[in-house]
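Below you'll find the structure, written out as structure tokens, and then a few comments.
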2 protein chains.
Amino acid sequence: MKLAAIYEVPYYAVIFTSVQTESLEGYGEMAEEMERLGSAQPGFLGIDSARSGVGITVSYWRTLEAVREWKANLDHLEAQRKGRVHWYTRYTVRVAKVERNYEFG
Amino acid sequence: MKLAAIYEVPYYAVIFTSVQTESLEGYGEMAEEMERLGSAQPGFLGIDSARSGVGITVSYWRTLEAVREWKANLDHLEAQRKGRVHWYTRYTVRVAKVERNYEFG
């Protein structure tokens, strides 16, 4: 149970919220693979993820260019396509510039 | 299992991530009360929340002024204080300007 750190502002957060289908075959492996690939991308800072009913994943990136490169990554595009066909009934994506951050503990 | 809508950009997201203690007495009632009060604040747009190991709550606001007013709300300040004393071993707060959003499904 580890949270991502806070970082020097400004940086970018990609907020992904989702509702899953009941046919999750292949999902776990793909999610792990995407976390591995994404965290190796240039400009990746960290990620937080939780699911209970809905799922929320927030990934943190140094620049908007880094966000765009990851979105356009070919393996990631294929994962996005499979997600729409098989795993998600609904999702939202928000790209947001983090202007302030602080922590406790 | 309902996700918040997407909204006209720009708007603000407050990303709250947390790790809880094992003494959650009073937490559930307070969380419900804060969701009720927060969603009645001027400028409140919506909220998404999930917990599995870590917790992630993202609330959406029309302006930075609305974010500041909610942060300074007296009942909310008391909830924040109790959170630090009783319910959270660690948390992070990020205030971010949503520049793009889209949805599927």
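Assorted remarks:
- Distances between copies at A:Thr21, taken between label points 7 Å from Cα along the C-beta direction, are 4.4 nm in increasing order.
- Distances in nm from B:Thr89 to the matching label points in the other copies, shortest first (labels 7 Å along Cα to Cβ): 3.5
- Packing-based exposure ordering (other Cβ within 10 Å, fewest first) of B:Glu29, B:Glu78, B:Glu69, B:Glu22: B:Glu22, B:Glu29, B:Glu78, B:Glu69
- Rounded to the nearest Hz, the phi-derived 3J(HN,Hα) couplings of the range A:10-15 under the Karplus curve 6.51 cos²θ - 1.76 cosθ + 1.60 (θ = phi - 60°) are x, 8, 10, 10, 10, 9, where x marks glycine and proline.
- Placing +1 on the Cβ of every Lys and Arg and -1 on the Cβ of every Asp and Glu, with nothing else charged, gives chain B a dipole about its Cα centre of roughly 360 debye.
- Debye intensity ratio I(q)/I(0), log10, the range A:11-98, q values 0.21, 0.23 Å⁻¹ (C-alpha model): -1.07, -1.28
- Pairwise centroid distance, computed over Cα atoms, of the range A:89-103 with the range A:16-39, Å: 18
- Of A:Arg36, B:Arg90, the sequence from fewest to most neighbouring Cβ atoms within 10 angstrom is A:Arg36, B:Arg90.
- Taking amide hydrogens as placed 1.01 Å from N in the peptide plane, the amide H of A:Ser52 sits under 5 Å from those of B:Arg51, each at least 5 positions away in sequence or on another chain.
- For the range B:11-98, averaging the sequence separation of C-alpha pairs within contact (under 8 Å, six or more residues apart) and dividing by the residue count gives a relative contact order of 53 percent.
Where a number appears in this text, it was derived from the coordinates with a stated rule and is not lab data. None of these values were measured; they are calculated from a predicted model. A quick note on method: Cβ atoms are made from the backbone with ideal geometry, for glycine too, and the neighbour counts reach across all protein chains shown.
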